[in-house]
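Accompanying notes for the structure given below.
The values are calculated or read from the model by the stated rules, or taken from the named source; none is laboratory data. From a predicted model like this one, the values you see are computed outputs, not experimental measurements. Here Cβ is always computed from backbone atoms with ideal geometry, including for glycine, and neighbour counts include all displayed protein chains. Accessible surface is based on the protein model in full, side chains and every heavy atom, while ligands, DNA and RNA are left aside. Shrake-Rupley method; radii C 1.70, N 1.55, O 1.52, S 1.80 Å.
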Amino acid sequence: MALELPENVVVSKLDSLANWCRKNSLWPMPFATACCGIELMATGASKHDLARFGAEVFRFSPRQCDLMIVAGRVVMKMLPVLQRIWQQMHEPKWCISMGACASTGGVFDTYSVVQGIDRFIPVDMYIPGCPPRPEQLIQAIIDLQDKIQNEGTITGEEFELKSRQATKRALIELPVIQTPVHLLR
Amino acid sequence: MLKTTTLEAMLAAYPELAVSEFRGGTRVVAQRGKLFETLQWFLCQRGFDLLVDITCVDYLNYRDAKDRFGLVYLLASTETNERITIRVYLNEPELSVPSVVSLWEGANWMEREVFDMFGIVFDGHPDLRRILMPDEFTAYPLRKDYPLQGRGERHNFPVLRRNQA
Ligand code: SF4
(Lines give C-alpha, C1' and ligand atoms only; values in the text may rest on other atoms or scores of the structure.)
Protein backbone atom coordinates (compact mmCIF):
# COMPACT_ATOMS: atom_id res chain seq x y z
CA MET A 1 0.00 0.00 0.00
CA ALA A 2 1.44 3.32 -0.97
CA LEU A 3 0.72 6.38 1.14
CA GLU A 4 0.73 9.88 -0.17
CA LEU A 5 2.27 11.84 2.69
CA PRO A 6 2.89 15.55 2.83
CA GLU A 7 6.49 16.56 3.52
CA ASN A 8 5.95 17.39 7.16
CA VAL A 9 4.47 14.04 8.14
CA VAL A 10 6.78 11.31 9.38
CA VAL A 11 5.85 7.73 9.95
CA SER A 12 7.24 6.16 13.12
CA LYS A 13 6.61 3.45 15.64
CA LEU A 14 4.56 4.33 18.70
CA ASP A 15 7.29 2.87 20.89
CA SER A 16 9.96 5.16 19.56
CA LEU A 17 7.62 8.10 19.79
CA ALA A 18 6.93 7.29 23.44
CA ASN A 19 10.63 6.82 24.08
CA TRP A 20 11.39 10.08 22.36
CA CYS A 21 8.93 11.86 24.64
CA ARG A 22 10.31 10.13 27.70
CA LYS A 23 13.94 10.82 27.02
CA ASN A 24 13.39 14.51 26.48
CA SER A 25 11.37 15.12 29.59
CA LEU A 26 13.25 13.34 32.34
CA TRP A 27 12.21 14.59 35.75
CA PRO A 28 15.01 13.85 38.17
CA MET A 29 14.52 12.91 41.78
CA PRO A 30 17.63 14.28 43.55
CA PHE A 31 18.69 11.78 46.17
CA ALA A 32 21.67 13.84 47.24
CA THR A 33 23.16 12.59 50.47
CA ALA A 34 26.69 13.98 50.38
CA CYS A 35 29.25 16.11 48.56
CA CYS A 36 28.22 14.85 45.11
CA GLY A 37 24.93 16.61 45.73
CA ILE A 38 26.73 19.92 45.39
CA GLU A 39 27.80 19.03 41.86
CA LEU A 40 24.27 17.89 41.16
CA MET A 41 23.03 21.32 42.19
CA ALA A 42 25.69 22.96 40.05
CA THR A 43 24.48 20.88 37.11
CA GLY A 44 20.97 22.15 37.57
CA ALA A 45 22.10 25.74 38.02
CA SER A 46 22.44 28.32 35.28
CA LYS A 47 26.06 27.76 34.25
CA HIS A 48 25.66 24.16 33.18
CA ASP A 49 21.93 24.40 32.59
CA LEU A 50 20.40 20.97 32.58
CA ALA A 51 17.33 22.49 30.91
CA ARG A 52 19.11 22.14 27.57
CA PHE A 53 18.53 18.40 27.88
CA GLY A 54 15.01 18.61 29.21
CA ALA A 55 15.95 17.31 32.63
CA GLU A 56 15.87 20.45 34.73
CA VAL A 57 12.67 19.86 36.65
CA PHE A 58 13.94 18.48 39.93
CA ARG A 59 11.04 17.21 41.99
CA PHE A 60 11.24 16.30 45.62
CA SER A 61 8.28 13.99 45.43
CA PRO A 62 9.08 10.57 43.99
CA ARG A 63 5.60 10.33 42.50
CA GLN A 64 6.42 13.07 40.04
CA CYS A 65 9.82 11.77 38.97
CA ASP A 66 11.16 9.22 36.54
CA LEU A 67 14.92 9.55 37.01
CA MET A 68 16.51 8.93 40.36
CA ILE A 69 19.97 10.48 40.72
CA VAL A 70 21.69 9.01 43.76
CA ALA A 71 24.48 11.45 44.56
CA GLY A 72 26.52 10.53 47.59
CA ARG A 73 27.07 7.70 49.99
CA VAL A 74 24.13 5.72 51.28
CA VAL A 75 24.37 4.33 54.79
CA MET A 76 22.53 1.41 56.32
CA LYS A 77 19.93 3.64 57.90
CA MET A 78 19.31 5.45 54.62
CA LEU A 79 19.00 2.39 52.38
CA PRO A 80 15.43 1.46 53.36
CA VAL A 81 14.49 5.08 52.63
CA LEU A 82 16.17 4.88 49.23
CA GLN A 83 14.33 1.68 48.40
CA ARG A 84 11.02 3.11 49.55
CA ILE A 85 11.48 6.17 47.36
CA TRP A 86 12.49 4.00 44.40
CA GLN A 87 9.36 1.93 44.83
CA GLN A 88 7.21 5.03 45.03
CA MET A 89 8.39 6.24 41.63
CA HIS A 90 6.21 5.29 38.71
CA GLU A 91 7.33 3.15 35.80
CA PRO A 92 9.01 3.82 33.49
CA LYS A 93 11.87 4.96 35.69
CA TRP A 94 15.64 5.06 35.55
CA CYS A 95 18.43 5.42 38.04
CA ILE A 96 21.79 7.15 37.79
CA SER A 97 24.39 6.28 40.38
CA MET A 98 26.53 9.39 40.65
CA GLY A 99 30.05 9.27 42.06
CA ALA A 100 32.32 6.66 43.54
CA CYS A 101 30.38 6.41 46.77
CA ALA A 102 26.98 5.67 45.31
CA SER A 103 28.47 3.19 42.84
CA THR A 104 30.90 1.30 45.07
CA GLY A 105 31.02 2.83 48.52
CA GLY A 106 34.12 4.76 47.49
CA VAL A 107 36.72 5.23 50.16
CA PHE A 108 34.13 4.54 52.83
CA ASP A 109 34.69 0.83 53.18
CA THR A 110 33.18 0.77 56.66
CA TYR A 111 30.54 -1.08 58.60
CA SER A 112 27.74 1.39 58.02
CA VAL A 113 28.17 2.39 54.37
CA VAL A 114 26.41 0.40 51.67
CA GLN A 115 29.01 -0.75 49.13
CA GLY A 116 27.24 0.37 45.99
CA ILE A 117 23.54 0.98 45.64
CA ASP A 118 23.35 -1.43 42.71
CA ARG A 119 23.44 -4.23 45.24
CA PHE A 120 19.95 -3.29 46.31
CA ILE A 121 18.26 -1.26 43.57
CA PRO A 122 18.63 -1.43 39.78
CA VAL A 123 21.00 1.14 38.24
CA ASP A 124 21.08 2.20 34.57
CA MET A 125 24.07 4.50 34.46
CA TYR A 126 27.18 4.85 36.61
CA ILE A 127 29.25 8.03 36.81
CA PRO A 128 32.83 7.68 38.02
CA GLY A 129 34.57 10.47 39.89
CA CYS A 130 34.82 11.95 43.31
CA PRO A 131 32.88 14.09 42.73
CA PRO A 132 32.06 13.85 39.01
CA ARG A 133 32.04 17.21 37.27
CA PRO A 134 28.71 18.52 36.00
CA GLU A 135 29.84 17.73 32.45
CA GLN A 136 30.06 14.08 33.41
CA LEU A 137 26.56 14.09 34.82
CA ILE A 138 25.31 15.77 31.66
CA GLN A 139 27.12 13.14 29.58
CA ALA A 140 25.47 10.45 31.64
CA ILE A 141 22.07 11.97 31.03
CA ILE A 142 22.78 12.15 27.29
CA ASP A 143 23.87 8.51 27.31
CA LEU A 144 20.80 7.59 29.27
CA GLN A 145 18.68 9.38 26.71
CA ASP A 146 20.22 7.23 23.99
CA LYS A 147 19.53 4.19 26.06
CA ILE A 148 15.93 5.19 26.62
CA GLN A 149 15.47 5.82 22.91
CA ASN A 150 16.86 2.42 22.03
CA GLU A 151 15.82 0.18 24.89
CA GLY A 152 13.11 1.77 26.99
CA THR A 153 13.74 0.82 30.56
CA ILE A 154 16.73 -1.32 31.41
CA THR A 155 15.00 -4.67 31.00
CA GLY A 156 12.38 -3.16 28.76
CA GLU A 157 9.73 -4.96 30.75
CA GLU A 158 6.80 -3.12 29.27
CA PHE A 159 8.13 -3.59 25.74
CA GLU A 160 9.02 -7.17 26.46
CA LEU A 161 5.44 -7.83 27.39
CA LYS A 162 4.22 -6.27 24.20
CA SER A 163 6.65 -8.12 21.98
CA ARG A 164 5.92 -11.37 23.75
CA GLN A 165 2.24 -10.88 23.06
CA ALA A 166 3.02 -9.92 19.51
CA THR A 167 4.91 -13.11 18.74
CA LYS A 168 2.22 -15.13 20.41
CA ARG A 169 -0.48 -13.47 18.40
CA ALA A 170 1.55 -13.87 15.26
CA LEU A 171 1.88 -17.58 15.92
CA ILE A 172 -1.79 -18.00 16.54
CA GLU A 173 -3.30 -15.78 13.90
CA LEU A 174 -1.00 -15.48 10.96
CA PRO A 175 0.15 -18.06 8.48
CA VAL A 176 3.88 -18.51 8.25
CA ILE A 177 5.24 -16.80 5.20
CA GLN A 178 8.54 -17.98 3.79
CA THR A 179 10.63 -15.08 2.61
CA PRO A 180 12.04 -15.80 -0.84
CA VAL A 181 15.79 -16.31 -0.63
CA HIS A 182 16.64 -13.61 -3.12
CA LEU A 183 14.93 -11.03 -0.90
CA LEU A 184 17.09 -11.81 2.14
CA ARG A 185 19.95 -9.38 2.52
CA MET B 1 42.90 26.27 82.23
CA LEU B 2 41.87 25.40 85.74
CA LYS B 3 42.27 28.01 88.47
CA THR B 4 44.39 27.09 91.47
CA THR B 5 41.48 27.80 93.79
CA THR B 6 39.29 25.33 91.93
CA LEU B 7 42.04 22.74 92.04
CA GLU B 8 42.53 23.19 95.77
CA ALA B 9 38.81 23.06 96.50
CA MET B 10 38.53 19.92 94.38
CA LEU B 11 41.32 18.15 96.18
CA ALA B 12 39.89 19.19 99.53
CA ALA B 13 36.50 17.74 98.62
CA TYR B 14 37.75 14.66 96.74
CA PRO B 15 41.29 13.80 97.82
CA GLU B 16 41.11 10.47 95.97
CA LEU B 17 41.02 12.13 92.51
CA ALA B 18 44.14 11.52 90.42
CA VAL B 19 45.10 14.81 88.80
CA SER B 20 47.47 15.29 85.88
CA GLU B 21 48.37 18.07 83.48
CA PHE B 22 48.76 17.90 79.74
CA ARG B 23 49.56 20.93 77.58
CA GLY B 24 47.91 23.31 79.97
CA GLY B 25 44.79 21.22 80.42
CA THR B 26 43.85 19.52 83.67
CA ARG B 27 42.75 15.91 83.67
CA VAL B 28 41.14 14.09 86.53
CA VAL B 29 40.46 10.39 86.94
CA ALA B 30 37.35 9.74 89.02
CA GLN B 31 36.17 6.52 90.62
CA ARG B 32 33.18 4.84 89.06
CA GLY B 33 31.18 4.84 92.30
CA LYS B 34 31.73 8.54 92.92
CA LEU B 35 31.35 9.76 89.33
CA PHE B 36 27.92 11.32 89.62
CA GLU B 37 28.78 13.01 92.89
CA THR B 38 31.97 14.50 91.44
CA LEU B 39 30.25 15.81 88.33
CA GLN B 40 27.47 17.25 90.45
CA TRP B 41 30.04 18.97 92.64
CA PHE B 42 31.61 20.60 89.60
CA LEU B 43 28.23 21.83 88.37
CA CYS B 44 26.77 23.02 91.65
CA GLN B 45 29.83 24.18 93.62
CA ARG B 46 32.13 25.45 90.88
CA GLY B 47 29.68 26.52 88.17
CA PHE B 48 30.78 24.21 85.35
CA ASP B 49 27.53 24.83 83.52
CA LEU B 50 28.55 23.53 80.08
CA LEU B 51 28.94 19.85 79.30
CA VAL B 52 31.07 20.06 76.16
CA ASP B 53 31.08 16.38 75.33
CA ILE B 54 30.84 12.86 76.61
CA THR B 55 32.95 10.38 74.75
CA CYS B 56 34.68 7.10 75.26
CA VAL B 57 37.98 5.44 74.43
CA ASP B 58 38.48 1.71 74.00
CA TYR B 59 41.92 0.77 75.34
CA LEU B 60 41.86 -2.80 74.07
CA ASN B 61 45.43 -3.77 73.01
CA TYR B 62 46.66 -0.30 73.95
CA ARG B 63 50.15 -0.40 75.36
CA ASP B 64 50.37 -0.17 79.16
CA ALA B 65 46.59 0.07 79.48
CA LYS B 66 45.05 -1.63 82.49
CA ASP B 67 41.43 -0.87 81.86
CA ARG B 68 39.19 -1.53 78.89
CA PHE B 69 37.16 1.67 78.49
CA GLY B 70 37.85 5.26 79.45
CA LEU B 71 34.68 7.33 79.62
CA VAL B 72 35.50 11.01 79.22
CA TYR B 73 33.48 14.02 80.35
CA LEU B 74 34.59 17.42 79.11
CA LEU B 75 33.28 20.26 81.27
CA ALA B 76 33.58 23.99 80.91
CA SER B 77 32.45 26.98 82.85
CA THR B 78 31.05 29.85 80.81
CA GLU B 79 31.55 32.20 83.77
CA THR B 80 35.23 31.68 84.48
CA ASN B 81 36.37 30.02 81.23
CA GLU B 82 37.76 27.05 83.12
CA ARG B 83 37.87 23.67 81.51
CA ILE B 84 38.39 20.21 82.91
CA THR B 85 38.51 16.65 81.62
CA ILE B 86 37.04 14.01 83.87
CA ARG B 87 37.73 10.42 83.06
CA VAL B 88 36.41 7.24 84.55
CA TYR B 89 37.70 3.75 83.71
CA LEU B 90 35.27 0.95 83.12
CA ASN B 91 35.76 -2.77 82.68
CA GLU B 92 33.47 -5.54 81.56
CA PRO B 93 31.03 -6.64 82.81
CA GLU B 94 30.36 -3.49 84.82
CA LEU B 95 29.71 -1.17 81.91
CA SER B 96 27.18 1.11 83.50
CA VAL B 97 27.41 4.57 84.99
CA PRO B 98 24.72 6.92 86.28
CA SER B 99 23.23 9.22 83.67
CA VAL B 100 23.90 12.94 84.00
CA VAL B 101 20.85 14.08 82.03
CA SER B 102 19.46 15.40 85.32
CA LEU B 103 22.48 17.71 85.60
CA TRP B 104 22.96 18.77 81.97
CA GLU B 105 20.02 18.33 79.58
CA GLY B 106 22.45 18.17 76.68
CA ALA B 107 23.84 14.90 77.96
CA ASN B 108 20.83 13.11 76.51
CA TRP B 109 22.08 12.57 72.95
CA MET B 110 25.73 12.34 73.96
CA GLU B 111 24.97 9.41 76.22
CA ARG B 112 22.88 7.81 73.52
CA GLU B 113 25.82 8.10 71.16
CA VAL B 114 28.26 6.53 73.61
CA PHE B 115 25.73 3.77 74.25
CA ASP B 116 25.31 3.24 70.52
CA MET B 117 29.02 3.10 69.73
CA PHE B 118 30.49 1.45 72.84
CA GLY B 119 27.61 -0.20 74.66
CA ILE B 120 28.09 1.73 77.88
CA VAL B 121 24.79 1.78 79.75
CA PHE B 122 23.70 5.01 81.43
CA ASP B 123 21.43 4.18 84.36
CA GLY B 124 18.50 6.52 84.69
CA HIS B 125 18.68 7.84 81.13
CA PRO B 126 15.15 8.85 80.02
CA ASP B 127 15.39 7.32 76.54
CA LEU B 128 18.44 5.12 76.02
CA ARG B 129 18.08 4.03 72.38
CA ARG B 130 20.57 3.87 69.54
CA ILE B 131 21.03 7.25 67.93
CA LEU B 132 23.23 6.70 64.85
CA MET B 133 22.92 3.05 63.89
CA PRO B 134 19.61 1.39 62.96
CA ASP B 135 17.62 0.00 65.87
CA GLU B 136 18.08 -3.59 64.73
CA PHE B 137 21.88 -3.28 64.82
CA THR B 138 23.28 -5.44 67.61
CA ALA B 139 27.02 -4.71 67.74
CA TYR B 140 28.87 -1.72 69.16
CA PRO B 141 30.91 -0.55 66.20
CA LEU B 142 33.55 1.67 67.82
CA ARG B 143 34.82 -1.11 70.06
CA LYS B 144 38.25 -2.21 68.95
CA ASP B 145 37.23 -5.84 68.66
CA TYR B 146 34.59 -4.96 66.06
CA PRO B 147 35.98 -5.16 62.52
CA LEU B 148 36.09 -1.91 60.54
CA GLN B 149 34.14 -3.41 57.68
CA GLY B 150 31.51 -4.81 59.98
CA ARG B 151 30.17 -8.31 60.18
CA GLY B 152 28.11 -8.15 57.00
CA GLU B 153 25.29 -6.03 58.38
CA ARG B 154 25.71 -3.59 55.51
CA HIS B 155 24.87 -6.31 52.96
CA ASN B 156 21.84 -7.52 54.82
CA PHE B 157 18.98 -5.87 52.93
CA PRO B 158 16.32 -7.05 50.50
CA VAL B 159 17.33 -6.63 46.86
CA LEU B 160 14.89 -4.77 44.61
CA ARG B 161 14.78 -5.88 41.00
CA ARG B 162 13.32 -4.10 38.02
CA ASN B 163 10.11 -6.03 38.00
CA GLN B 164 9.45 -5.67 41.71
CA ALA B 165 9.07 -1.96 41.88
S1 SF4 C 1 32.15 10.22 45.46
FE2 SF4 C 1 33.42 11.78 46.46
S3 SF4 C 1 32.27 13.68 46.15
FE4 SF4 C 1 30.84 12.01 45.80
S5 SF4 C 1 29.84 11.61 47.74
FE6 SF4 C 1 31.60 10.26 47.63
S7 SF4 C 1 33.24 11.36 48.67
FE8 SF4 C 1 31.65 12.86 48.15
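Remarks
- Spatial separation of Cα centroids for segment A:55-109 and segment A:120-146, in angstrom: 12 Å
- Between amide H atoms placed 1.01 Å from N, distances below 5 Å from B:E82 occur with B:S77, all of them 5 or more places distant or on a separate chain.
- With a Förster radius of 41 Å applied to the C-beta separation of A:W20 and A:C130, the computed FRET efficiency comes to 0.75.
- Neighbour-limited loop hits for GluC sites (Glu not before Pro), segment B:31-111 (at most 12 other Cβ within 10 Å; DSSP other than H, G, I, E, B): B:E79, B:E94, B:E105
- Interchain or long-range residues, amide H under 5 Å from A:I121's placed H: B:L160
- From helices alone, the protein assembly as shown scores -9000 deg cm²/dmol at 222 nm; the rule is -39500 (n - 2.57) for each run of n ≥ 4 DSSP H residues, then divide by the residue total.
- Count Lys and Arg as plus one, Asp and Glu as minus one, and take only other residues whose Cβ is under 13 Å from that of A:A55; the net charge is then 0.
- When you filter the chymotrypsin sites (Phe, Trp or Tyr not before Pro) in segment A:1-68 for DSSP loop state and at most 14 other Cβ atoms inside 10 Å of their Cβ, you are left with A:F60.
- Percent RCO, i.e. relative contact order, over chain B, from Cα pairs under 8 Å lying at least 6 residues apart: 18 percent
- Using equal-weight Cα scatterers in the Debye expression, the normalised intensity of chain B in log10 at q = 0.14 Å⁻¹ is -0.77.
- For segment A:25-111: rounded, prolate or oblate by the Cα gyration tensor [a/c cutoff 1.5]: oblate
- Separation between Cα centres of segment B:109-165 and segment A:6-38, rounded to whole Å: 40 Å
- Rounded, prolate or oblate (a/c below 1.5 giving rounded, otherwise prolate when a/b exceeds b/c) for segment A:67-145 by Cα gyration tensor: oblate
- Placing +1 on the Cβ of every Lys and Arg and -1 on the Cβ of every Asp and Glu, with nothing else charged, gives the protein assembly as shown a dipole about its Cα centre of roughly 660 debye.
- Semi-axis lengths, Å, the protein assembly as shown, gyration tensor of Cα atoms, sqrt of 5 times eigenvalues: 64, 22, 16
- Spatial separation of Cα centroids for segment B:1-40 and segment B:48-91, in angstrom: 11 Å
- Of A:C21, A:C36, the order by accessible heavy-atom surface (1.4 Å probe, DNA, RNA and ligands excluded), from most exposed downward, is A:C21, A:C36.
- Proximity of backbone amide H atoms, modeled 1.01 Å from N, is registered between A:I69 and A:M29, A:F31, A:I96 at under 5 Å, excluding neighbours fewer than 5 places apart on the same chain.
- Cβ-Cβ FRET estimate between B:L7 and B:L160, R0 fixed at 51 Å, reported to 0.05: 0.25
- The chymotrypsin sites (Phe, Trp or Tyr not before Pro) of segment B:55-141 meeting both criteria, a DSSP state outside H, G, I, E and B (loop) and at most 14 other C-beta atoms within 10 angstrom of the site's C-beta, are B:Y62.
- Solvent-accessible surface ranking, highest first, for B:Y140, A:Y126 at 1.4 angstrom: A:Y126, B:Y140
- Within chain B, percent of DSSP bridges classed antiparallel, to nearest 5: 75 percent
- 12 Å beta-carbon shell around B:I120, net charge (K/R +1, D/E -1): -3
- DSSP bridge analysis restricted to the protein assembly as shown gives an antiparallel fraction near 50%, rounded to the nearest 5.
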